[in-house]
Each structure stands twice: as structure tokens, then as C-alpha cells.
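What follows is a set of notes on a single structure, which appears directly below.
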Amino acid sequence: MSIKKLAFAAATILGLYLTVLADVYADQVETKCRVRPDRSKVSVDGEGLGNGSYYAEVKSGGVIIKSGDVQTISSSGDEVEFDFDSNTNDIAEGATAITFDFIKNRSVTGSIFKTTDNGVTGQLVEDDNAKCRGKKSRMRHGGHDNHHGGHDDGPNHR
């Protein structure tokens with residue numbers, strides 16, 4: 001086989017691999033947020049992930065807050081859910097603590113990382129930017145039960 005044909009075959013295989021890999025990680029992360037003068041609340045959810053351990057980071061105004069590691073959940077073992085909140089009740093239920101004024105300019109980026117074998121660093125799965133809703137009335141705590149508390153944010157990102 002000539003060098004040109006071998007290079008073409010290698011480039012084709014690499015292109016197909018990257019296309020499949022991009023599809024695997026497409027639209028897996030959704031970030032939702034709410035902001036009030038006395039409260040910040042962010043959820044970062046991932047679907048279609050492989051079994052394993054993951055953590056999330058949220059970033060707003062240059063400040064980054066990292067969650068603890070969690071294992072995938074659901075019957076198929078492909079979902080993770082992370083809640084970040086300034087409300088002490090939600091923090092007591094497992095949400096990662098953030099300050100009431102964490103969200104700046106109603107904008108948050110949520111990222112999910114797969115924990116690597118060394119347990120120190122992670123491999124970015126995907127991130128998602130969200131524009132946060134404001135709410136004048138008291139926020140309800142509801143939704144589903146999970147390791148970081150429920151959330152009832154509804155669709156509000158992008």
C-alpha cells in the first residue's frame with residue numbers, strides 16, 4: 001500500500017472516530033440557575049455518560065466552585081446530578097455550598113468532569129452556559145430526590 005493511501009485511510013478512520021466521539025458527548029450537560037437578591041441556585045445535570053465517578057464545577061464572575069465526586073445513577077447508570085445552593089436547608093440535604101451572591105450578571109457555566117484514575121484531576125465531558133432566571137417570590141424546594149437534593153427549576157437555559 002502506498003504512503004498516500006495509508007495516510008488517507010488513517011485520516012478517514014480518525015475522522016470517523018472523532019465524529020462518533022463527538023456524538024457520544026453531544027448534549028449531555030444541562031445547566032439551570034436561579035438568582036435572587038438573597039439566594040443563588042445552580043443545577044448541573046448530565047445524561048448519556050458512561051458508568052463512573054464524576055464531579056461538576058460552576059463558574060460565574062471568575063469564581064469557580066467544585067462539587068464532590070458522585071457515581072452515575074439511574075437504571076442505566078448514565079446520569080449524574082449536581083446542585084449548588086446558598087440556602088442552608090438545601091446545603092444540609094447535600095447541595096454544594098455557594099454564596100448568596102455567587103451568580104454574577106445572571107450567567108453561569110456548569111461543567112462536568114469524569115474523575116480520572118488518580119482521583120485528583122478530571123477529564124472535561126462538556127460544559128453548558130446558562131442565563132439565570134430571577135424570582136421575586138420565595139423559591140420552592142421540590143422535584144426529585146437525589147444525592148444533592150431536588151430542584152424545580154424548569155427549562156431556563158440558553
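Just so you know, all these numbers are worked out from the coordinates, no wet-lab data involved. Small disclaimer: the values here were computed from a predicted structure and weren't measured. Glycine also receives a Cβ, built like all others from the backbone with ideal geometry; neighbour counts cover every protein chain displayed.
Numbers below:
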read-out: Order of R39, R34 - criterion: other Cβ atoms within 10 Å of each residue's Cβ, fewest first; value: R39, R34
read-out: Residue exposure sequence - V29, V44 - by fewest surrounding Cβ within 10 Å; value: V29, V44
read-out: Separation in nanometres of the label points that stand 7 Å from Cα toward Cβ, at N105 and D38; value: 2.8 nm
read-out: Counted charge near I91, where neighbours are those whose Cβ lies closer than 12 Å (Asp, Glu -1; Lys, Arg +1); value: -2
read-out: Separation of the S53 and D78 label points, Cα + 7 Å toward Cβ, nm; value: 2.3 nm
read-out: Pair-distance profile P(r), taking every C-alpha pair of region 45-123, with 5 angstrom steps and integer %; value: 3, 15, 24, 22, 20, 12, 4, 0
read-out: Residue order, fewest to most beta carbons within 10 Å, for E81, E47; value: E47, E81
